[in-house]
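Student: I have a structure I would like to understand better, so I am pasting it below and will then ask my questions one at a time.
Laboratory data are not the source of any read-out in this text; all were calculated from the coordinates shown. Predicted model, so just to flag it, every value in this text is computed and none were measured. Ideal geometry is used to build each Cβ from the backbone, glycine not excepted, and the neighbour counts take in all protein chains shown.
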Amino acid sequence: MGDISLSWTDRRAFLQAALAGAALPSLAGGAESLPNPSATFLEPARELPLRDDADVIVCGGGPAGVAAALAAARAGARTRLFEVHGCLGGVWTAGLLTYIFDFDKPGMTRELTQQLDQRHARRHPNPSRFVYEPEAMKLLLEELCGAAGVQLQLHTRVAAAHRDGNRLTTVITESKSGREAWRARVFIDATGDGDVGAQAGCAWEIGQGPAGPTQPLTLNALAVVRDAAALGEFISFYAGDQRHLPAVEAFQREIARAGCEASYGHPTLFHVRDNLLLVMINHEYGVLPFDAAQMTAATLRARGEVHRIVHALADLGGPWAGMQVVASAEQIGVRDGRRIRGRYTVTREDLVQGARHPDAVARVTFNVDIHAPTREQNREETISHGNFRMKPYDIPLRALLARDVDGLLIAGRCISGDFLAHASYRVTGNAVAMGEAAGKVAALAAQTNRLPHEVSWSEVGPLTD
């Protein structure tokens, strides 16, 4: 075979053509090929295979979903877990996040930390924020779910949800096995973007208003270098020190010296292990995470930017010589998706007052963290903090209980909260705590033939080590 590698000019032209294709229909067939915005297609009704062998079904296998499934299964509930990607972990693994925030909590967060340490897969001694190895995390989560008896199905997307009156009874999945129906006594939406809640008819919000603006997306990547120690001044928290912003600023200067500007105003390198680094340099602005065309275009742009900047850094030579992307994320990282309306809404006032609740499922310590919604604002202030002083606060179980649909719990960043509160609790340490709580409540509700909102948190919590 001949050499089919693309130059950066060729790649830019290819991406421009691909992005245009994602945004517009083909014109090859003339005007009659353009879709009619008002046209619809009536899908014929058909019978689907139905499985009714679970007490609890968890939709989404990210940090919240895995914690929910583990908690439910360990409590004795027959538990199914559906995940759209080919691995568990969501943003931790498919998204190559590699950096964890707000993780020093009782319960499953400490178990995961200890397990990562046993596998020598965690960098830095800080129990609240640290770097981990994504591949080790994949295997750990799979083994934990297997040991707990979770019935796991990967490569499966929840496509619809159906109610009997006000109670959610059935979800529909799409996979290589086709379209299938699944019943359970209790469901947990841990999709991140609140897909199940929206499909079931729950009210929801997004961003700072009815249609945004939303926080930007980020596509992460892993890169190999010849000598990580030679790049230590550009790597945040390298070798256990506390340098972050000085390393970011130094890295930003190197990107500029390479003739580039990162779309993320705080470009960051993290040390994963040996000579393997996480590269976090991308922002994608104004993208709705439930719009497939927008997500496709954002992913293509982001991957092109990451490769372009890493290639330019390698061309600088010196300690950058030989730098190469070895993996880019399968899942672009979403900060700001749907927030499903619950029986309590966490608000800015909770953060100001440091709210305490008798049904607290998690104590949040992470500050408000708002990434600029546009590239122009990113150049002026990449990250803002809401212009108020936050106190550690509780997330109550009521914020995990869907208001509009019975039999549905929500866990992770799609719980009930306003924009400012969400900008604090959305990090994965809190997602794990919420998922663990949701799983325990779901199991008890299913086993006692009750709805989740009929279960008192005092019967379940608090979470302990």
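Student: Measure out, as a whole number of angstrom, how far apart the alpha-carbon centroids of segment 359-385 and segment 138-175 sit.
Tutor: 31
Student: Given a cut-off of under 8 Å on Cα pairs at least six residues apart, what relative contact order in percent is computed for segment 221-328?
Tutor: Answer for segment 221-328 is 36 percent.
Student: Mind checking which aspartates and glutamates have their Cα closer than 14 Å to the Cα of Lys176? Skip sequence neighbours fewer than 8 apart in that chain.
Tutor: Of all the aspartates and glutamates, those that pass the test against Lys176 - Cα under 14 Å, at least 8 places apart if same chain - are Glu83.
Student: Right, next: Pull out the extension gain between Glu454 and Arg119, defined as 0.36 nm times the separation in residues minus the alpha carbon to alpha carbon distance; nm, one decimal.
Tutor: That pair, Glu454 and Arg119, stretches by 116.6 nm at full extension.
Student: Checking the cross-link filter: which aspartates and glutamates have an alpha carbon closer than 20 Å to that of Lys391, excluding same-chain neighbours under 8 positions apart?
Tutor: Asp102, Asp104, Glu349, Asp350, Asp359, Asp369, Asp418
Student: What residues have an amide H closer than 5 Å to that of Trp204, excluding those fewer than 5 places away on the same chain, when H is modeled at 1.01 Å from N in the peptide plane?
Tutor: Arg341
Student: Suppose the chain between Ala203 and Glu135 were pulled fully straight at 0.36 nm per residue; how much longer would it get relative to their current alpha carbon spacing?
Tutor: Extra length from Ala203 to Glu135 when fully extended: 20.8 nm.
Student: Membrane-span-like helices in the chain: DSSP H runs reaching 30 Å or more (Cα, own axis), mean Kyte hydropathy at least 0.0?
Tutor: Membrane-span-like by this criterion, though nothing is claimed about a membrane: 292-315.
Student: Given Cβ point charges of +1 (Lys, Arg) and -1 (Asp, Glu) and nothing else, what value in debye, to the nearest 20, does the dipole of the chain about its Cα centre take? Could you put the intermediate results ahead of the total?
Tutor: Values: 47 positive and 52 negative charges, 100 e Å.
Charge dipole, the chain, about its Cα centre: 480 debye, nearest 20.
Student: Quick one: putting +1 on the C-beta of Lys and Arg, -1 on the C-beta of Asp and Glu, what dipole do you get for segment 246-370 around its Cα centre, in Debye to the nearest 20? Could you put the intermediate results ahead of the total?
Tutor: Numbers: 14 positive and 14 negative charges, 77 e Å.
Dipole size: approximately 380 debye.
Student: How many nm separate the modelled label positions at Ser384 and Asp164, each set 7 Å beyond the Cα in the direction of the Cβ?
Tutor: Result: 4.9 nm between the two label points.
Student: Between Asp241 and His311, what FRET efficiency comes out of the Förster formula 1/(1 + (r/R0)^6) with R0 = 25 Å and r the beta carbon distance, rounded to 0.05?
Tutor: 0.30
Student: Between Glu47 and Ala250, what is the label-point separation in nm under the 7 Å Cα-to-beta-carbon projection?
Tutor: Between Ala250 and Glu47, the label points sit 6.9 nm apart.
Student: Counting only DSSP beta bridges with both residues in the chain, what percent are antiparallel, rounded to the nearest 5?
Tutor: Around 70 percent antiparallel, to the nearest 5.
Student: Something else: Residue by residue through segment 265-271, which ³J(HN,Hα) values in whole Hz follow from phi under the Karplus form 6.51 cos²θ - 1.76 cosθ + 1.60 (θ = phi - 60°), with glycine and proline marked x?
Tutor: x, 10, x, 9, 10, 10, 8
Student: Turning to a different aspect of this structure: For the chain, calculate the relative contact order in percent as a whole number, restricting contacts to Cα pairs under 8 Å that are 6 or more residues apart.
Tutor: Relative contact order for the chain comes out at 21 percent.
Student: Out of residues 5 or more away from Arg51 or on other chains, whose amide H comes under 5 Å of its own, with H placed 1.01 Å from N in the peptide plane?
Tutor: Ala181, Trp182, Arg183
Student: A follow-up question, please. Karplus couplings for segment 396-404 from phi (6.51 cos²θ - 1.76 cosθ + 1.60, θ = phi - 60°), rounded to Hz, Gly and Pro as x?
Tutor: Ordered by residue, 3J(HN,Hα) equals x, 3, 4, 6, 9, 9, 4, 6, 9 Hz.
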